[in-house]
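The block underneath contains the structure these notes are about, expressed in structure tokens.
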Amino acid sequence: MTGLGDRIAAIPPVTRFLSICTFLVCLLCSLELFSVEDFAISYGLVHTLLSEAWNSEGGYLAKLKTWGFVFLQSYRLFTSFFIPLGFLMRNGFMCLAEMYFLYNFSQHLESKTGKFKGNFPDYVWFILVCGFFINLLSLIFQRLGLVSFSCHHSMLNGCITYLWSRSYKDLQIQYQGLFLLKAYYVPMMSLMAHMVSGREAFLCELIGIIAGYLYQCIQSDTLPFYNLVPGIYGSFDPSYNKGRKVGFEKSAEESSFPDAIFDLGYLKAPKWLYSIVGYPYDTSERLTAFKKQVRTPRVASAGRRDEARATTTGFNPFQGKGHRLGS
């Protein structure tokens, strides 16, 4: 019988790190050993600190001290990803649901059977790229006055949920234990659920979905919005000139939600990240929507050489005249 330690060790590393850090931050804030403001980021505070550092008067040491304080506050760019929106809103059920969804969908993507095939650097790179987009979009939305706080955990959750739904479109799940639906509709249902919690909760989820979509544009080498036009990329687009013949029904293996062009591809982490984590570089391959995976033909054995020759060159050593039996 496996213990708790073995179960935790079986969780993929990035998912395990995100889940444990989120739990610890919530625990520390609940015990009032730290406050939420110690971990969260406010771009109003960032603007104030940068203004003070830029306009600070005094000698070289005074300016260096101010800039040093600004640098020390940069940890908030990372710790803000460990505070669920439900925790900020004092909603226990929402907090637990967010933590569970992040754990569940993230481990599906990171596992050996998921999109990233258990590749640690590539999944770390996915988190870093989406984290950059989340911080950038949060800054834009706050400057526009649409949101007053940035809940990066909820945004990252929306991002992971969106990518998971695009990878498992036809998978049928029981959403929050209420009703069955296919994975393709999970981001839409999540948006509706956050809409009930208020405008800012809805916008935080929307920012996460936009970040996940931008990541898919990078992995497929396609342009945002431009790639939404059906058949715009010609034969590279899976939906280009595709259809069933009249009288043919859809097979059981055919997806109800065929891949769009921005679903194709695989974004490999840069080599320097592989070097930092000490991971073999040849464990994955960079693919795009415009780079088709080429299958290498197997070398035929001596006993099947003629059969391989007939398959590859069209030559058939057994060429009969096609007479019917008995004629």
Taking the range 82-93 as the search range and keeping residues that are of a type in the set (A, V, I, L, M, F, W, C) and surrounded by fewer than 19 Cβ atoms within 10 Å (Cβ to Cβ), which one is nearest to V14 (Cα to Cα)?
F93
Quick check on my filter: what residues within the range 71-93 are among the aliphatic types (A, V, I, L, M), at pLDDT 80 or above and not in a helix (DSSP H, G or I)?
I83
Would the range 204-221 turn up any residue that is surrounded by 20 or more Cβ atoms within 10 Å (Cβ to Cβ), part of a loop (DSSP other than H, G, I, E, B), of a type in the set (S, T, Y) and in contact (Cβ under 8 Å) with a residue 24 or more places away in the chain?
no
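Conditions tested, residue by residue: (1) at pLDDT below 90; (2) open to solvent by 80 Å² or more (accessible area, probe 1.4 Å); (3) over 19 Å from the mean Cα position of the chain (by Cα); (4) farther than 27 Å from M195 by Cβ.
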{"position": "N55", "(1), (2), (3), (4)": "yes, yes, yes, yes"}
{"position": "G58", "(1), (2), (3), (4)": "yes, no, yes, yes"}
{"position": "F69", "(1), (2), (3), (4)": "yes, yes, yes, yes"}
{"position": "C95", "(1), (2), (3), (4)": "yes, no, yes, no"}
{"position": "S106", "(1), (2), (3), (4)": "no, no, no, no"}
{"position": "K117", "(1), (2), (3), (4)": "no, yes, no, yes"}
{"position": "V124", "(1), (2), (3), (4)": "no, no, no, yes"}
{"position": "C130", "(1), (2), (3), (4)": "no, no, no, no"}
{"position": "L146", "(1), (2), (3), (4)": "yes, no, yes, no"}
Could you list, in sequence order, the residues of the range 192-203 that are of a type in the set (A, V, I, L, M) and surrounded by 17 or more Cβ atoms within 10 Å (Cβ to Cβ)?
A201, L203
Residues to consider are E253, E249, E307; find the one that is among the acidic types (D, E), at pLDDT below 85 and surrounded by 13 or more Cβ atoms within 10 Å (Cβ to Cβ).
E307
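The values are calculated or read from the model by the stated rules, or taken from the named source; none is laboratory data. Since the structure is predicted, the reported quantities are computational estimates derived from the model, not experimental observations. Neighbour counts run over all protein chains shown; Cβ positions are idealised from the backbone, glycine included. Surface areas here come from the heavy atoms of the whole protein model, side chains and all, with no ligands, DNA or RNA. Shrake-Rupley method; radii C 1.70, N 1.55, O 1.52, S 1.80 Å.
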